[in-house]
Each structure stands twice: as structure tokens, then as C-alpha cells.
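Encoded as C-alpha cells, the structure appears first; notes follow it.
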Amino acid sequence: MLEKKYECFDVEIENGIAHIRMNRPEKLNSMNRAFWNDLPEIVEDIDINARARVIVISSTGKHFSAGMDLSVFAPQPGNKIDGADKHVIAEMFRSNVKRIQHSFNALEEARIPVLFALHGAVIGGAIDMISAGDIRWCTKDAIFCIQETNIGMTADVGTFPRLQRYIPEGWVKEMAYTGRRIDATKAKEIGLVNDVFETQEACLAHVMETAREIASKSPLAVTGCKVLINYGRDHNTADTLDYIGVWNAGMFPPSHIQEAVAAMGEKREADFPDLLPLRTTPM
């Protein structure tokens with residue numbers, strides 16, 4: 001399936017790393033309809049078919065992404081809402097927003113880590129997007145902005161429930177209420193990104209090196225880390241400790257531990273089994 005050509009993305013998979021590159025620099029990598037449809041398809045295909053051990057998302061051109069493409073707000077042909085009950089229209093809008101939200105939920109729900117290499121403008125919907133990933137790095141020229149406030153709307157695709165898990169609530173509110181931009185230095189200071197690099201090339205090189213290190217670990221251990229860190233974020237300590245016990249009761253892997261120890265002693269790369277593909281249908 002990944003041999004398919006996408007309007008907004010290039011996808012390469014090599015040595016356990018899936019590199020998803022946004023490829024509309026002439027449009028500032030804005031998020032058109034194809035973007036919203038194709039991103040979850042790509043991520044879910046990689047995850048469900050166990051095609052990689054880690055995903056890296058980067059971009060091309062001057063900016064990572066200017067956020068939502070204005071063409072998305074244009075009326076859809078054949079949209080039968082003229083004269084419809086306003087409350088029924090509101091329900092339709094809510095349900096459609098949930099479908100858009102799924103495009104980024106796919107990043108958080110993937111079994112494997114999702115890493116971001118950021119540069120230039122990270123605006124509006126791009127904040128929603130990167131908030132759904134696992135780790136973020138950026139270049140020194142990066143700027144971050146909850147742009148929705150500046151155009152008279154409220155961010156609705158994941159910024160608010162996710163961003164406040166990474167940065168202090170006061171900074172979420174300042175960015176949201178004012179629509180102000182923050183620079184790379186501030187982004188690192190408040191914990192939005194892990195580190196800042198001089199150039200786009202240096203940033204991506206670091207992210208890819210981190211991805212290679214992740215890909216060298218036991219995929220079961222790494223997915224366990226993602227599941228349990230995210231569970232602990234959303235639950236109290238007692239519930240999380242109980243769930244960790246349940247996880248290890250079912251998925252504690254002595255053979256993986258033995259292989260890791262042997263590989264360290266023999267100064268070689270460990271050989272771990274990949275995660276298995278999942279069903280593409282419920283049954």
C-alpha cells in the first residue's frame with residue numbers, strides 16, 4: 001500500500017524507520033483535504049502491518065506547516081445542508097470534527113513512537129499535530145503559534161487536551177488566549193521540544209539517529225513504554241502501577257532480556273522479534 005503516491009507526503013521505510021515527509025513546500029505544507037485523509041491511512045498502515053519500529057515526521061521547504069489550508073473551509077459539492085435544522089447541522093459538524101481529530105489520534109494510538117523534526121513555522125493545526133506525537137525537536141528558527149485564536153476560532157483537533165500535558169498550563173493559556181508566537185528557545189525552556197539545532201539538516205540527523213537507537217531496542221519493550229507512559233499520564237499512580245503489573249504478567253519477555261544481555265556481552269546488535277501485524281478488520 002505504501003507504494004501509493006500521496007499528494008502531501010513522501011514515505012520511506014528503511015531499517016525499521018518509517019520516514020513520513022510533508023512535501024507541499026510551495027503551499028507552506030498547509031493541511032488540505034488530502035492531508036487529513038492520507039495521514040491516518042499512512043500511519044495506520046505502518047502500524048497495523050508492523051512495517052517499522054518507529055515513525056519520523058519531517059517537512060520540506062521554509063516552514064514545517066502553516067496549519068489548515070483555507071480550501072478545507074470551502075463548501076463541499078453536494079453538501080445537503082441548505083434549509084436543514086440548525087441543531088441537526090450542529091450534530092453533523094461535531095461528528096465531522098471527530099473524524100478530523102482521528103487523523104492525529106492515529107499518531108498517539110500507534111503502537112510505535114512518533115518523532116518530529118520541526119523547522120520554521122509550526123502554526124495552528126501543526127500544533128495539534130505535533131502534540132499527538134511522542135518527542136519533538138526543532139531548529140533555531142522555529143516558531144510555534146496557536147493560530148486559531150487569531151482567526152476567530154477555538155483550536156479543535158487536539159491542542160488543548162494534549163499540549164497541557166507537555167508544557168505548563170499557564171503557557172498553554174498565554175499562547176491560546178493571545179495567539180502569540182513563541183520561539184525555539186522558549187519552546188525548549190517550557191518543554192515543548194527536547195532540543196534546538198542550528199539547521200534543518202542537523203535537526204533531522206539527530207532525530208534519525210534517535211530513531212535508529214529506538215529501532216535497535218526490543219519493539220515489545222518500546223511499545224510497552226509508550227502504552228504505560230501514556231496510561232500513567234491519564235491515570236493516577238495506583239491505577240498505573242496496577243496496570244504495569246498486568247502488562248508484565250502477560251508480556252514480560254525473558255527471552256528478550258536474555259538476548260539483550262547476551263548482545264551487550266558480545267558487543268553486537270541485539271536481534272529482537274518485530275511486533276506482529278494486526279487484523280485490518282474486527283474479525
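Any residue that is assigned by TED's automatic domain parsing to the domain that holds ASN37 and in contact with a Pro (Cβ under 7 Å, 6 or more places away or on another chain) - is there at least one of those in the range 104-116? Yes; the residues of the range 104-116 include at least one that is assigned by TED's automatic domain parsing to the domain that holds ASN37 and in contact with a Pro (Cβ under 7 Å, 6 or more places away or on another chain).
This table checks each residue for (1) of a type in the set (Asp, Glu); (2) over 23 Å from PHE144 (Cβ atoms); (3) crowded, with 21+ Cβ neighbours inside 10 Å.
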residue: ARG51; (1), (2), (3): no, yes, no
residue: THR60; (1), (2), (3): no, no, no
residue: ALA90; (1), (2), (3): no, yes, no
residue: LYS98; (1), (2), (3): no, yes, no
residue: PHE116; (1), (2), (3): no, no, yes
residue: VAL122; (1), (2), (3): no, no, yes
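Criterion applied to ASP47, ASP10, ASP38, ASP85 was being free of Cβ contacts under 8 Å to residues at least 60 places away in the same chain and either out of contact with any strand residue (DSSP E or B) (no Cβ under 7 Å at 6 or more places or on another chain) or β-branched (Val, Ile, Thr) (or both), and the one residue passing it is ASP85. In the range 194-208, the qualifying residues are those that are in contact (Cβ under 8 Å) with a residue 12 or more places away in the chain and within 18 Å of ASP134 (Cα to Cα), and the one that is surrounded by the fewest Cβ atoms within 10 Å (Cβ to Cβ) is ASP195. Scanning the range 1-58 for residues that are part of a loop (DSSP other than H, G, I, E, B) and in contact with a Pro (Cβ under 6 Å, 6 or more places away or on another chain) turns up ASN49, ALA50, ARG53.
Look at (1) without any contact (Cβ under 8 Å) to a residue 12 or more places away in the chain; (2) more than 17 Å from the chain's Cα centre (by Cα); (3) within 30 Å of ALA262 (Cα to Cα) and you find that SER216 fails only one, number (1). Filtered by the rule that a residue be of a type outside the set (D, E, K, R), in a helix (DSSP H, G or I) and modelled with pLDDT of 80 or more, the range 73-90 gives HIS87, VAL88, ILE89, ALA90.
The values are calculated or read from the model by the stated rules, or taken from the named source; none is laboratory data. These numbers come from a predicted model, not from an experiment. Every residue, glycine among them, receives a Cβ derived from its backbone with ideal geometry; neighbour counts consider all protein chains shown.
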